Structure formats: structure tokens, C-alpha cells
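Each remark here refers to the structure printed beneath this line.
The values are calculated or read from the model by the stated rules, or taken from the named source; none is laboratory data. This one's a predicted model, so the numbers in the text were calculated from it and none came from an experiment. Note: ideal-geometry Cβ built from the backbone for every residue, glycine included; neighbour counts use all protein chains shown.
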Amino acid sequence: MMVEANPAPSAEERVRARALDTLKTRALEAILVSDEPVRTVDAARAVADALEIDLNEEELGGLASLVRIVLDSDTMFSQANRQWDLAVRMGRAEADRRKPVERAVEDFIDLIGRPVPPSLVASLVSAVYGRDPEYYQKMIERLAPTRPQFFLVSGNQVAISRWLPDISSDDPEEVEWDNFEDPTYLNALRPVAQGVEAADAVSFARQVVERAGEPVNVKTLLFLTWSAFPDSDPASVFKLLYATGSLHLVRGPAWVTDAGRGQVLDAIRTLTQDPETAAGMLAAAMPAEEEERESVFPTPTIVRVSDDDLNQVYDFMSPEPRTFRVSELCQQVLEAFPGSRTYSDIYDSLRNRMNEDGRFRWVGTERFRTAGSVPAEVEVLPEGLAYDEGEYLGEEGVEIDKAVEPRDWKFTLDEQIAHYQVQDLGDDQTRAGTAPARLDMSAPLHHYVAGTYYLRDSDAGFFPSQPDIVQVSLLTSDGGRFDVWVNNRLGLIFGLKEWYDANLPFVGGLFHIEPTSQPDEFRLLYSGETDPLMDIPMERLQTLLMLRAEASNEGLPLTEIATRLIKGHTEPVHFVTLFTEINVVRRVRRAQVASILSSQRYFTQAPSQPGYWFYDEKRAAKATRKKGGPRRPMREMLDDEDDEFEIE
């Protein structure tokens with residue numbers, strides 16, 4: 001299979017690359033002339049002034065975002081408290097001090113890519129070698145006019161001779177060999193130069209740049225100019241081109257026309273509206289680790305969130321008692337953005353420090369709140385969910401609701417009370433295992449009223465299991481979203497009341513929750529379905545609520561409540577339905593219902609309908625006739641029933 005080489009960048013991509021390089025160079029200069037770290041917006045304002053770009057406040061904000069991305073892409077820079085400086089000046093990188101200072105001066109001027117005043121390069125040298133900038137400024141001012149590796153241009157700015165062709169050889173061919181190990185670019189530019197007619201070297205060079213339509217490398221241009229005008233001095237031609245202002249130097253260094261410079265400025269304006277494109281370009285162009293070792297500041301930046309950073313995060317969060325994501329805080333407070341070189345380290349550092357700081361409370365995944373701002377109601381048991389533990393007596397003051405041991409329960413009640421829909425808070429016999437792929441949910445009335453939902457032990461792992469209180473988002477089918485709280489200690493979801501009221505019947509609505517690709521976002525699905533075992537029509541619900549009031553006022557025993565409910569059905573009623581109705585009238589546990597169903601012979605079920613209960617009038621009448629006589633042991637009653645209904 002043939003492997004194709006990466007396509008050459010388009011003209012637009014090349015212009016954008018020059019725009020980002022221009023921003024980096026100008027931002028570096030802004031940092032070097034400052035005595036202290038520079039805020040991003042101040043660096044952006046300095047860049048705009050240097051490039052003579054007129055921006056309004058909104059555009060300046062876009063440029064600041066772009067400058068931040070550019071600086072964050074280079075290990076030479078580092079930030080603290082949203083202020084930028086050289087990494088070596090912040091103690092976050094080490095520089096190679098083994099090279100002579102003069103060679104370092106050359107390298108730093110080449111890094112900037114154009115002639116610079118001694119004071120500017122002195123700041124850079126000082127950051128590496130440690131002495132005061134004034135010391136190196138005087139050294140450079142003394143060396144520049146006398147050392148062959150430097151030459152001065154207008155305004156006492158220092159340029160380096162490595163930008164110029166070496167024309168010391170007498171043979172023109174040897175001059176070419178001395179300067180160009182790879183003549184590919186030179187040969188590509190020759191046809192452009194061959195068509196130029198000019199009276200002097202400077203005019204010749206200017207026309208070559210104008211005809212090329214692209215930045216022209218300084219050394220290559222000056223060699224072609226010397227070839228056409230052998231008496232010209234490359235340094236003198238450079239000085240004149242630099243002084244006239246009709247051409248502009250970009251890092252490389254290379255010459256561009258006014259039009260070429262205008263393209264770069266336009267590209268900067270465009271990128272301020274699209275920082276993501278800039279971030280992608282910088283990430284793709286990031287040097288390999290081996291290349292970084294050979295750079296001016298080879299040691300990678302140490303990224304950490306400082307105490308000042310953490311204080312700013314707290315001050316940002318404090319006015320709003322809401323939940324913040326770590327990614328939001330990184331961008332809004334610390335000015336670190338996804339795709340940037342240091343984003344993942346800043347993200348991890350901030351998350352770890354917030355977890356360790358008592359001023360913040362983690363509420364799951366990457367979400368945090370300030371301490372004390374979690375709603376108090378999501379940490380306690382809501383009213384109406386507690387079980388009624390009262391003792392209810394019959395007319396003669398005798399306890400009617402007898403507790404029956406599970407070994408004496410009749411029929412298959414031990415299996416019936418294991419049904420998923422009758423497990424509830426504090427009365428759950430399911431066991432944690434593999435987290436379900438989705439939750440199929442139908443809220444009983446007490447959870448509807450409280451706006452909660454109980455998560456069975458078998459549902460563990462569906463939502464994040466840490467910490468105790470977790471906040472997640474539910475996405476609705478109509479494009480909406482809202483946040484709910486998961487209390488892992490109680491096994492309750494809080495915050496569903498508004499959605500319940502807008503969508504579900506009071507009892508029996510069947511809805512579903514499914515995970516999405518995000519660990520703290522879930523999809524909430526409802527299409528009008530009802531759970532047939534929990535669906536209570538409105539007319540029936542009104543009857544239950546009336547019985548609830550009577551049971552509360554009159555102190556009705558559970559046996560009496562169950563009797564009325566079962567007799568209210570014309571057909572046998574499923575245990576889940578009966579349990580749901582009973583819990584509308586009074587909050588009771590599964591074992592209580594199983595006990596009263598087992599303690600009375602008139603609560604029964606046919607072998608052909610296991611799990612469906614009905615009221616046997618004949619047995620009830622028989623029990624009434626025997627009332628007051630010697631009471632038979634429960635085991636004998638159960639054996640008697642087994643004789644009548646053989647259950648296979």
C-alpha cells in the first residue's frame with residue numbers, strides 16, 4: 001500500500017501560521033519590556049499597539065483569548081494568577097547556561113526574528129544568566145558595533161550576521177555552496193529574480209519580494225541581489241530595506257510586502273473570532289520532545305495551581321450558590337482552555353486542590369460547590385417517606401395486625417415481596433451487582449409528592465457512587481435539561497417534582513433513564529406509558545385518599561385497610577397493586593403486608609392466579625361465627641388452607 005505524504009499547507013494556512021507566529025513574537029516583546037508578569041489583556045493590548053490594529057473592547061477580548069492560547073502553546077512562557085512571564089523568570093524552567101553569552105545574544109535575536117534594541121535582548125539574556133538587565137545591555141551596546149556576528153541598523157537596533165550571506169569567497173559558485181547546503185528554496189526563487197529589471201540592488205530586492213507573493217527568506221534574497229549586483233553589500237542592502245518601511249520583516253527572518261503584512265493582520269482578526277482553529281493549529285505544530293530539548297528553555301514548564309489561583313476560584317464561586325464544573329473554572333478564572341499545552345495539568349491540579357480545601361464541596365464527577373451551599377433538603381429524609389410505626393388496635397383494644405414470621409407466610413409471599421416495584425427506602429432486599437443498562441421507573445405517590453425516587457441496591461453504579469451527594473443532569477426528549485441530586489447514603493434522587501407535575505399521572509407513570517457519553521449526564525425518556533401493576537386511576541386514587549384521611553382519624557388497623565382495598569376490586573388484585581394502594585393510605589413495610597395477608601384466612605389467592613389476592617366472603621363469615629371461641633394455632637390455619645388450595 002502506498003503511503004501518501006502529508007499535503008502541503010494551503011496559502012490560507014500559511015498566512016494563519018505567520019499570524020500566530022507574529023502574535024507570539026510581539027507578546028514575547030511585551031513580556032520582556034515589563035518589570036513584572038503581564039496580564040493577558042495587557043499583553044493583547046501591547047500586541048495590538050505594536051501591530052497598529054484598532055480594536056474595540058469586544059475585539060480586544062477576542063485577541064486576549066488568542067494571545068493566551070499562543071503563549072500557552074510554548075514552554076518558554078508560564079502563567080500564575082492569569083499573569084504571564086518567561087518560565088525561567090518564574091522558576092518553572094531551566095535554561096542552558098553552558099553556551100557563551102555572545103552566542104546566547106545571537107540566538108535570542110534570532111528567536112525574535114528582527115533587529116531589536118539592546119535593552120530588549122538584555123532582558124532575555126538576564127532571565128537566563130541571572131545578572132541585572134542593565135549589565136547585559138551595556139555589554140551588547142559595546143559588542144554590537146565591533147563583533148562580526150552583529151551589525152547595527154537604524155535606531156541603534158542590533159541585527160545578526162547569520163541572516164546575511166557569506167560572500168567572502170572569490171568564486172560565486174563557492175559563495176552559493178558556502179551558504180546553501182540545500183538549494184531547493186534558492187532554485188525555486190531564481191525564476192522570480194531572473195525576470196526582474198532594476199537600476200540598483202535595493203530596488204531589485206524589493207521587486208523580487210513583490211513578485212514572489214510570499215515571504216522571502218532574507219539570506220536567499222540578499223544572495224540573489226548580490227548575484228545580480230556583485231558590488232552590493234548585503235548588510236547595507238538589509239539596512240536600506242529595513243529603513244524604507246515598504247517591506248516588513250517577519251520571523252525567519254523573511255521579507256513581506258505591505259499586502260503580505262495586511263494578510264497577516266486580517267488573519268489575526270479572523271482568528272480572534274475562532275480561537276479553536278488557532279488552538280488546533282498550535283497543537284498540530286507543537287514540537288517533539290527531542291526538539292524541545294534543543295530550544296532556548298528546554299525544561300518543560302511545571303504547572304500547578306497556586307494558593308492565589310485557588311483564592312481567585314473561591315472568590316469567583318462565592319457570589320453564586322450554584323454548581324461549577326472544573327472545566328468552567330479553568331477557563332473563566334485560570335484562563336486555561338481545552339487543547340492548550342497546559343490545560344490537562346491545570347485541570348488536574350485545580351481538581352485535586354479543591355478536593356483538599358474545606359471551602360469547596362465535591363458533588364460528583366467534575367462538579368464543585370462552595371461549602372455549605374448544597375441544598376439542605378437533599379441531605380435529609382423528606383417528610384412523608386418515613387414508615388408509620390404506630391400500633392393500631394381493634395374495637396376491643398386487641399391488636400389485630402399480628403406479626404407473622406416469614407416461615408409462616410402463606411402461598412408465595414416470600415417471592416411476592418421480592419418484586420422490584422415494592423422495594424423502597426429502608427425496606428429493600430435487592431443486592432448490588434452489575435449496574436443496569438437503564439432504569440425503568442414508576443414512582444409511588446409518596447415519592448411523587450416529595451419529588452424523589454428510590455434507587456434500589458441493585459441499581460448501584462448506575463449513577464456515580466461517590467461522593468455521598470452527587471449532582472447530575474437529566475436531558476429530556478424535548479431538548480430541555482435540569483439538574484437533580486443523588487443521595488447515595490439514602491438511595492434517593494431529589495429534584496424531580498417539577499418534572500413529575502408537568503408530565504406524569506400521580507401514580508403509575510412509567511419513565512426511563514439512560515446513560516449518555518458523559519458520566520454526569522443522563523437521558524430522561526417518557527412517552528405516556530404506565531406501569532399496569534402501579535397504575536391507579538384518578539377515581540380510585542380519590543377513594544384511597546379518603547380512606548387515608550379516615551384511617552388517620554379513626555386509627556384503622558392495617559388489616560381493616562387491606563380488607564377494604566381488596567374488597568374494592570371486582571377482580572383479584574396483584575400484590576404490587578395492593579401494596580401500592582396500601583402505601584397511598586399508610587406508609588408500611590412489605591413484611592407488614594405479608595403478615596396481615598397471612599394472618600387472616602379470608603385473604604387468599606387461587607392456584608391459577610399466583611400473586612393475585614381476593615377476599616373470601618365465606619371464610620370471613622366462618623371466621624366471624626367462630627369469633628370468641630378457642631383460637632386455633634396459625635400453623636393449623638395455614639395447613640387447613642393448603643388442604644383446600646393445592647399449590648404446585
Task: Conditions (1) surrounded by 18 or more Cβ atoms within 10 Å (Cβ to Cβ); (2) at pLDDT below 80; number of the one not met by residue 615 - done: (2)
TODO: Scan region 558-597 residue by residue and report those that are among the basic types (Lys, Arg) and either over 18 Å from residue 415 (Cβ atoms) or buried (at least 20 other Cβ atoms within 10 Å of the Cβ) (or both).
DONE: 564, 567, 586, 587, 590
Open item on the list: Any residue at all in region 259-268 that's assigned to a loop (DSSP other than H, G, I, E, B), farther than 19 Å from residue 219 by Cβ and in contact with an Asp or Glu (Cβ under 9 Å, 6 or more places away or on another chain)?
Closed with: no
Open item on the list: If I ask for residues that are out of contact with any Pro (no Cβ under 9 Å at 6 or more places or on another chain), buried (at least 16 other Cβ atoms within 10 Å of the Cβ) and not in a helix (DSSP H, G or I), which ones from region 325-338 would you list?
Closed with: 333, 334, 335, 336
- [ ] Could you name every one of the strands (runs of 3 or more DSSP E) located completely within region 357-459 that has at least 2 residues being in contact (Cβ under 8 Å) with a residue 40 or more places away in the chain, under 33 Å from the mean Cα position of the chain (by Cα) and under 22 Å from residue 574 (Cα atoms)?
- [x] 439-441
- [ ] Return a yes/no flag: does region 532-544 have any residue that is in contact (Cβ under 8 Å) with a residue 24 or more places away in the chain, within 22 Å of residue 401 (Cα to Cα) and within 50 Å of the chain's Cα centre (by Cα).
- [x] yes
Open item on the list: Six or more apart or on different chains, Cβ atoms under 8 Å: show the pairs whose first residue is in region 209-225 and in the same structural domain as residue 193 (by TED's automatic domain parsing) and whose second is modelled with pLDDT under 95 and among the hydroxyl-bearing types (Ser, Thr, Tyr).
Closed with: 209/257; 210/257; 217/185; 220/185; 225/232
Open item on the list: Being of a type in the set (S, T, N, Q), within 30 Å of residue 225 (Cα to Cα) and in contact with a helix residue (DSSP H, G or I) (Cβ under 6 Å, 6 or more places away or on another chain): is that true of residue 161 here?
Closed with: no
- [ ] Would you mind finding the one in 274, 308, 266 that is within 30 Å of residue 375 (Cα to Cα) and modelled with pLDDT of 75 or more?
- [x] 308
Task: Residue within region 113-133 that is surrounded by fewer than 18 Cβ atoms within 10 Å (Cβ to Cβ), over 30 Å from residue 335 (Cα atoms), in contact with a Leu (Cβ under 7 Å, 6 or more places away or on another chain) and not assigned by TED's automatic domain parsing to the domain that holds residue 275 present - done: no
TODO: Scan region 48-64 and report the pairs whose first residue is closer than 12 Å to residue 268 by Cα and whose second residue is of a type in the set (Ser, Thr, Tyr), with Cβ atoms within less than 7 Å and a gap of 6+ or a chain change.
DONE: 59/272; 62/272; 63/272; 64/40
- [ ] Would you check which residues across region 229-251 are of a type outside the set (Lys, Arg) and in contact with a strand residue (DSSP E or B) (Cβ under 6 Å, 6 or more places away or on another chain) and list them?
- [x] 235, 241, 242, 247, 248, 250
Task: Residues that are more than 14 Å from residue 449 (Cα to Cα) and hydrophobic (A, V, I, L, M, F, W, C), drawn from region 580-594 - done: 582, 588, 591, 593, 594
Task: Subset of region 460-504 (residues that are part of a loop (DSSP other than H, G, I, E, B), among the aliphatic types (A, V, I, L, M) and surrounded by fewer than 19 Cβ atoms within 10 Å (Cβ to Cβ)) - done: 460
Open item on the list: Could you check region 238-260 and list, in sequence order, the residues that are touching a helix residue (DSSP H, G or I) at 6+ places or on another chain (Cβ under 9 Å), among the charged types (D, E, K, R) and either free of Cβ contacts under 8 Å to residues at least 24 places away in the same chain or crowded, with 18+ Cβ neighbours inside 10 Å (or both)?
Closed with: 239
Open item on the list: With the structure loaded, tell me whether residue 17 is in contact (Cβ under 8 Å) with a residue 40 or more places away in the chain and more than 30 Å from residue 131 (Cβ to Cβ) or whether it fails that test.
Closed with: yes
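Among the residues of region 485-504, how many are of a type in the set (Phe, Trp, Tyr) and within 10 Å of residue 471 (Cα to Cα)?
Of all residues in region 485-504, those of a type in the set (Phe, Trp, Tyr) come to 485, 494, 499-500.
Applying the additional criterion that residues be within 10 Å of residue 471 (Cα to Cα) yields 485, 494.
Result for region 485-504: 2.
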TODO: Could you run through region 19-46 and say how many residues are within 16 Å of residue 282 (Cβ to Cβ) and of a type in the set (Val, Ile, Thr)?
DONE: 3
- [ ] Please state which of the following conditions residue 608 fails to meet, knowing it meets all the rest: (1) of a type in the set (Ser, Thr, Tyr); (2) in a loop (DSSP other than H, G, I, E, B); (3) over 22 Å from residue 540 (Cβ atoms); (4) modelled with pLDDT of 90 or more.
- [x] (4)
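Look through 55, 51 and report the one residue that is modelled with pLDDT under 90, assigned by TED's automatic domain parsing to the domain that holds residue 278 and touching a Ser or Thr at 6+ places or on another chain (Cβ under 9 Å).
Details: 51 fails: modelled with pLDDT under 90.
Being modelled with pLDDT under 90, assigned by TED's automatic domain parsing to the domain that holds residue 278 and touching a Ser or Thr at 6+ places or on another chain (Cβ under 9 Å) holds for just one of 55, 51, which is 55.
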TODO: Please enumerate the residues belonging to region 25-75 that are surrounded by fewer than 19 Cβ atoms within 10 Å (Cβ to Cβ), of a type in the set (D, E, K, R) and part of a helix (DSSP H, G or I).
DONE: 42, 45, 49, 57, 58, 59
